[in-house]
């Protein structure tokens, strides 16, 4: 894998927050951000159209593999120097549904993740991320920037 293209909805507040945070983190794999609204998107990624309505963020490898849903957020973390371990941890079936919330959580820290987050066991982490998903005003679902 040479780089990862992160396709995101530039009209979705959650996507914009995640994109801003990802762009500031040191990456092991270069990330290239392309908004869904970019005129060149469909020409650059032939056949991507059906995926755009399904997710708020997509990860596409230079080889053409498309990652959607939680797996897209896992790929984002995998690309980052300081979050590869988190990508592996969140890949666990019990935590995978909360990958988007985890990226949102990391983005909210605007810097180093506090040690207490690293010390949470998987059950407590899942509960915290589930609570965050249920109470946040910003949804990781497409085109939803209002309360859910």
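Overview of results
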item: Hits in the stretch 26-57 - residues which are within 13 Å of the chain's Cα centre (by Cα) and either farther than 24 Å from residue 86 by Cβ or at pLDDT 90 or above (or both); result: 31, 33, 57
item: Hits in the stretch 73-88 (condition: within 21 Å of residue 128 (Cβ to Cβ) and surrounded by 15 or more Cβ atoms within 10 Å (Cβ to Cβ)); result: 73, 74, 76, 77, 80, 83, 86, 87
item: Filtered residues of the stretch 1-49 (kept if without any contact (Cβ under 8 Å) to a residue 40 or more places away in the chain and part of a helix (DSSP H, G or I)); result: 16, 19, 23, 24, 41, 42, 43, 44, 49
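The values are calculated or read from the model by the stated rules, or taken from the named source; none is laboratory data. This structure is a prediction, so every number in the text was calculated from the model and none was measured. So basically every Cβ, Gly included, is an ideal-geometry build from the backbone, and we count neighbours across all protein chains shown.
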